[in-house]
Amino acid sequence: MSSSASAAIPPVLAEVVRSGFVEGHHRGALVLLAADGSVERTIGDPAAPVFPRSSNKPMQAAAVLRAGLELSGERLALTAASHSGEPFHLDLVRTMLAEHGLSEADLQTPPDLPLDPVEAETYLASGRVRERLTMNCSGKHTAMLAACALNGWDPTTYLEAEHPLQRLVLAEIETASGETVSSVGTDGCGAPLMAISLVGLARAFRSYVLAEPGTPERRVADAMRAHPEYVAGTRRPDTWLMSELPGVLSKMGAEAVQALALPDGRALAFKIDDGAGRALGPVLARALELLGVEAPVVGRIADAPLLGGGERVGEVRAAF
């Protein structure tokens with residue numbers, strides 16, 4: 001392999017260890033920000049653009065507020081959520097739809113099963129099929145449709161990049177990250193997806209926890225932190241972190257993206273190149289340790305066992 005090709009290979013963030021043998025690696029990029037917003041540490045190339053996937057949801061929720069929609073508490077947290085599809089999530093989505101004169105048929109989310117595997121098994125065992133409401137982004141889509149209704153915008157085209165609501169989302173992401181969106185794609189839920197760097201993503205989360213009270217950014221951050229179970233679910237690391245570390249704002253995204261900010265302005269963002277979710281916990285726990293965070297929940301999210309014959313025989317562990 002040439003030196004130029006080898007230099008392009010991202011560094012290892014996590015390794016897969018089975019029975020004492022390293023059988024695989026997860027590569028990627030990571031950035032840590034100090035409390036003053038300066039870059040404290042980088043691994044790989046966190047200045048390269050990525051699709052943050054659902055880690056963009058706090059900015060999407062703030063854009064809905066800027067569109068004039070009044071949301072707070074659990075409703076605002078659910079707007080920024082990748083919910084697990086637990087009954088309390090689905091009940092609130094149904095309530096929000098009804099409050100704004102909408103129905104499940106108005107949602108343009110793809111039919112899906114609950115995101116949480118336990119909930120998905122229960123759902124299938126009850127004889128139900130994939131539904132638009134059950135898709136983990138249904139809270140966000142409900143709020144987007146409600147904003148369209150409020151402003152007289154076309155609700156049938158709310159997922160088009162040039163729709164007035166999506167232009168607000170783009171402006172919110174660019175303002176929060178301090179970057180120009182470099183590419184626009186389509187997320188798994190069908191919504192436009194704006195690419196920024198991991199550095200920009202970390203800075204966006206930092207700006208939300210440090211925003212003035214009452215601003216859209218701070219309202220989103222406060223709702224997410226006050227109601228973390230609505231942002232994720234009862235068996236999800238984002239919920240554990242925001243419940244057990246006061247003031248933390250945390251949001252994962254598909255394809256193994258994670259962003260987090262501490263209340264004093266320290267922040268981080270990373271992406272695992274191969275999209276392996278099993279590496280998220282160990283890498284996030286190690287990044288928090290490097291930021292000086294010590295708490296039982298850090299060890300809890302770091303634990304990613306590998307099984308053999310139903311018994312623990314190894315783990316996925318951070319490699320930096």
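Kindly indicate which of 217, 172 is open to solvent by 20 Å² or more (accessible area, probe 1.4 Å) and either within 25 Å of residue 242 (Cα to Cα) or not β-branched (Val, Ile, Thr) (or both). Break it down stepwise before answering.
Working: 172 fails: open to solvent by 20 Å² or more (accessible area, probe 1.4 Å).
Step by step, each of 217, 172 is checked, and only 217 is open to solvent by 20 Å² or more (accessible area, probe 1.4 Å) and either within 25 Å of residue 242 (Cα to Cα) or not β-branched (Val, Ile, Thr) (or both).
Out of 168, 193, which single residue is touching a helix residue (DSSP H, G or I) at 6+ places or on another chain (Cβ under 8 Å) and part of a strand (DSSP E or B)? So that I can check it myself, show each step before the final result.
On the way: 168 fails: part of a strand (DSSP E or B).
Testing whether each residue is touching a helix residue (DSSP H, G or I) at 6+ places or on another chain (Cβ under 8 Å) and part of a strand (DSSP E or B) leaves just 193.
Only one of (1) on the phi < 0 side of the Ramachandran plot; (2) open to solvent by 50 Å² or more (accessible area, probe 1.4 Å) fails for residue 134. Which number is that?
Here residue 134 meets the rest and fails (2).
Give me the residue from the range 150-165 that is closer than 19 Å to residue 137 by Cβ and assigned to a helix (DSSP H, G or I) and, out of that set, most open to solvent (accessible area, probe 1.4 Å).
The residue in question is 156.
State yes or no: is residue 297 under 25 Å from residue 78 (Cα atoms) and either in contact with a strand residue (DSSP E or B) (Cβ under 6 Å, 6 or more places away or on another chain) or among the β-branched types (Val, Ile, Thr) (or both)?
Values: under 25 Å from residue 78 (Cα atoms): yes; either in contact with a strand residue (DSSP E or B) (Cβ under 6 Å, 6 or more places away or on another chain) or among the β-branched types (Val, Ile, Thr) (or both): yes.
Yes; evaluated as a whole, the condition is true for this residue.
Scanning the range 186-213 for residues that are over 26 Å from residue 36 (Cβ atoms) and out of contact with any strand residue (DSSP E or B) (no Cβ under 8 Å at 6 or more places or on another chain), which turns out surrounded by the most Cβ atoms within 10 Å (Cβ to Cβ)?
Going through the qualifying residues, I end up with 191.
Can you pull out the residues in the range 92-150 that are hydroxyl-bearing (Ser, Thr, Tyr) and free of Cβ contacts under 8 Å to residues at least 12 places away in the same chain?
Filtering the range 92-150 for residues hydroxyl-bearing (Ser, Thr, Tyr) gives 95, 103, 109, 122-123, 126, 134, 138, 142.
Residues satisfying the conditions are 95, 103, 122, 126.
Output the residues belonging to the range 112-127 that are open to solvent by 70 Å² or more (accessible area, probe 1.4 Å), in a loop (DSSP other than H, G, I, E, B) and farther than 24 Å from residue 224 by Cα.
In the first step, residues of the range 112-127 are kept if they are open to solvent by 70 Å² or more (accessible area, probe 1.4 Å); the result is 115, 117-118, 121-122, 124-126.
This time we only want the ones that are in a loop (DSSP other than H, G, I, E, B), so: 115, 126.
Of everything in the range 112-127, just one residue is open to solvent by 70 Å² or more (accessible area, probe 1.4 Å), in a loop (DSSP other than H, G, I, E, B) and farther than 24 Å from residue 224 by Cα, namely 126.
Tally time: how many residues in the range 266-292 are out of contact with any helix residue (DSSP H, G or I) (no Cβ under 9 Å at 6 or more places or on another chain) and in a loop (DSSP other than H, G, I, E, B)?
Number satisfying all stated conditions: 6.
When you scan the range 70-80, do you find a residue that is assigned to a helix (DSSP H, G or I), on the phi > 0 side of the Ramachandran plot, at pLDDT 95 or above and open to solvent by less than 70 Å² (accessible area, probe 1.4 Å), even just one? Give the derivation first.
Of the residues in the range 70-80, the ones assigned to a helix (DSSP H, G or I) are 73-79.
Subsequent filtering for residues that are on the phi > 0 side of the Ramachandran plot retains 73.
Narrowing the set further to residues that are at pLDDT 95 or above leaves 73.
Going one step further and asking which of them are open to solvent by less than 70 Å² (accessible area, probe 1.4 Å), we end up with 73.
Yes: the range 70-80 contains one or more residues that are assigned to a helix (DSSP H, G or I), on the phi > 0 side of the Ramachandran plot, at pLDDT 95 or above and open to solvent by less than 70 Å² (accessible area, probe 1.4 Å).
Please find, among 300, 278, 317, 312, the residue that is of a type in the set (D, E, K, R) and within 22 Å of residue 53 (Cα to Cα). Step through it out loud before you land on a result.
On the way: 300 fails: within 22 Å of residue 53 (Cα to Cα); 317 fails: within 22 Å of residue 53 (Cα to Cα); 312 fails: within 22 Å of residue 53 (Cα to Cα).
Answer to the selection: 278.
From the set of residues in the range 294-320 that are touching a residue at least 12 places away in the same chain (Cβ under 8 Å) and assigned to a strand (DSSP E or B), which is most open to solvent (accessible area, probe 1.4 Å)? Before you say what the answer is, go through the steps one by one.
Just the residues of the range 294-320 that are touching a residue at least 12 places away in the same chain (Cβ under 8 Å), to begin with: 295-304, 306, 308, 313-320.
From what is left, the residues that are assigned to a strand (DSSP E or B) are 306, 308, 313-318.
Numbers: 306: 14, 308: 29, 313: 51, 314: 13, 315: 61, 316: 2, 317: 91, 318: 33 Å².
Checking each candidate, the answer is 317.
If the Cβ limit is 6 Å and pairs must be 6+ apart or interchain, which residue in the range 155-178 that is farther than 19 Å from residue 145 by Cα pairs with which residue that is open to solvent by less than 50 Å² (accessible area, probe 1.4 Å) and in a helix (DSSP H, G or I)?
Pairs that qualify, where the first residue is farther than 19 Å from residue 145 by Cα and the partner is open to solvent by less than 50 Å² (accessible area, probe 1.4 Å) and in a helix (DSSP H, G or I), are 173/59; 176/59; 176/204; 176/207; 177/200; 177/204.
One residue is enough: does the range 58-68 have a residue meeting the conditions surrounded by 20 or more Cβ atoms within 10 Å (Cβ to Cβ) and assigned to a strand (DSSP E or B)? Before the answer, list the steps.
Looking only at the range 58-68, we keep the residues that are surrounded by 20 or more Cβ atoms within 10 Å (Cβ to Cβ), and these are 58-65, 67.
Those still in the list that are assigned to a strand (DSSP E or B) too: none.
No - not one qualifying residue is present in the range 58-68.
Does at least one position in the range 85-98 carry a residue that is surrounded by fewer than 19 Cβ atoms within 10 Å (Cβ to Cβ), of a type in the set (Lys, Arg) and over 26 Å from residue 255 (Cβ atoms)? Show your work before the answer.
At the first step, the residues of the range 85-98 found to be surrounded by fewer than 19 Cβ atoms within 10 Å (Cβ to Cβ) are 87-88, 91, 94-95, 98.
Applying the additional criterion that residues be of a type in the set (Lys, Arg) yields 94.
Remaining after also requiring over 26 Å from residue 255 (Cβ atoms): 94.
Among the residues of the range 85-98, at least one is surrounded by fewer than 19 Cβ atoms within 10 Å (Cβ to Cβ), of a type in the set (Lys, Arg) and over 26 Å from residue 255 (Cβ atoms), which makes the answer yes.
Looking only at residues in the range 248-257 that are open to solvent by less than 10 Å² (accessible area, probe 1.4 Å) and assigned to a strand (DSSP E or B), which one is farthest from residue 14 (Cα to Cα)?
So in the range 248-257, the residues open to solvent by less than 10 Å² (accessible area, probe 1.4 Å) come out as 248-251, 253, 256-257.
Cutting the leftovers down to assigned to a strand (DSSP E or B) gives us 249-251, 253, 257.
Values: 249: 23, 250: 20, 251: 20, 253: 18, 257: 14 Å.
Only one residue tops the list, namely 249.
The values are calculated or read from the model by the stated rules, or taken from the named source; none is laboratory data. Worth saying up front: this structure is predicted, and the values here are computed from it rather than measured. As a convention, Cβ positions derive from the backbone with ideal geometry for all residues, glycine included, and neighbour counts pool all protein chains shown. In case anyone asks, the SASA skips ligands and DNA or RNA and just uses the protein heavy atoms, side chains included. Shrake-Rupley method; radii C 1.70, N 1.55, O 1.52, S 1.80 Å.
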